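What follows is one structure encoded as structure tokens, with my remarks underneath.
The values are calculated or read from the model by the stated rules, or taken from the named source; none is laboratory data. Keep in mind the model is a prediction, meaning the values are calculated, not measured. A quick note on method: Cβ atoms are made from the backbone with ideal geometry, for glycine too, and the neighbour counts reach across all protein chains shown. For accessibility, only protein heavy atoms count, side chains too; no ligands or nucleic acids. Shrake-Rupley method; radii C 1.70, N 1.55, O 1.52, S 1.80 Å.
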Amino acid sequence: MTDRRRISSGSPYEPKIGFSRAVRAGDTVYVSGTVAWGEDGRLVGEGDVYAQAKQSIANIGAALSQAGASLADVVRTRIYVTNIDLWEEGVRAHREAFDSIRPASTLVEVSRLATPEMLVEIEVVAVIGLSSADSG
């Protein structure tokens with residue numbers, strides 16, 4: 001039987017919606033769609049897709065760390081942006097974090113996120129203990 005462990009960010013939305021920031025099931029960690037909440041509970045980078053993507057990835061890194069993983073363990077990402085015309089700014093932060101890791105990735109435009117100020121949301125899947133060697 002695989003162990004299941006929930007990781008919380010302390011967000012008030014977790015109990016309201018019924019989700020966890022991340023769930024570790026065995027050696028796999030699933031991180032929910034993550035936006036740019038700062039430590040003060042306020043959105044970072046209002047109007048700036050790059051700053052929001054960078055903070056989202058930092059938040060993902062924190063959740064992975066709590067689950068015993070790191071960004072180096074990420075095998076899959078999904079990036080949701082509210083304006084596909086700004087995609088390059090969103091993926092710039094992704095490239096900075098994952099350039100040598102090169103996870104499978106999807107970029108999708110959505111009509112909106114939870115609040116109008118949110119411009120990007122990112123979710124990931126990580127597998128702990130995989131070799132980071134490039135296999136092609």
Legend entry - Farthest positive-ward along segment 59-136 dipole, Cα basis, beta-carbon charges - from A104, A126, T115: A126
Inset, instruction - Taking the dipole about the Cα centre of segment 17-89, with the C-beta of Lys and Arg at +1 and of Asp and Glu at -1, give me whichever of V81, V29, S70 is farthest to the positive side. - result: V29
Inset, instruction - May I ask you to derive the FRET efficiency for E88 and D40 from their Cβ-Cβ distance with R0 = 35 Å, giving the value to the nearest 0.05? - result: 0.80
Inset, instruction - Among G38, P12, Q52, pick out the residue whose Cα is farthest towards the positive end of the charge dipole of segment 1-94, where Lys and Arg carry +1 and Asp and Glu carry -1 on C-beta, about the Cα centre. - result: P12
Legend entry - Listed residues S100, S8 arranged by accessible area, highest first, probe 1.4 Å: S100, S8
Inset, instruction - Might you report the magnitude of the Cβ-based charge dipole of the chain about its Cα centre, with Lys and Arg at +1 and Asp and Glu at -1, to the nearest 20 debye? - result: 520 debye
Legend entry - Virtual spin-label span in nm between E96 and K16, 7 Å along Cα→Cβ: 2.9 nm
Legend entry - Spherically averaged projected area of the chain from its Cα convex hull (nm²): 8.6 nm²
Legend entry - Kirkwood Rh in Å, taken over segment 62-124 so that all alpha-carbon pairs contribute: 12.5 Å
Legend entry - V108 versus R6: modelled label distance in nm, points set 7 Å from Cα along the beta carbon direction: 2.4 nm
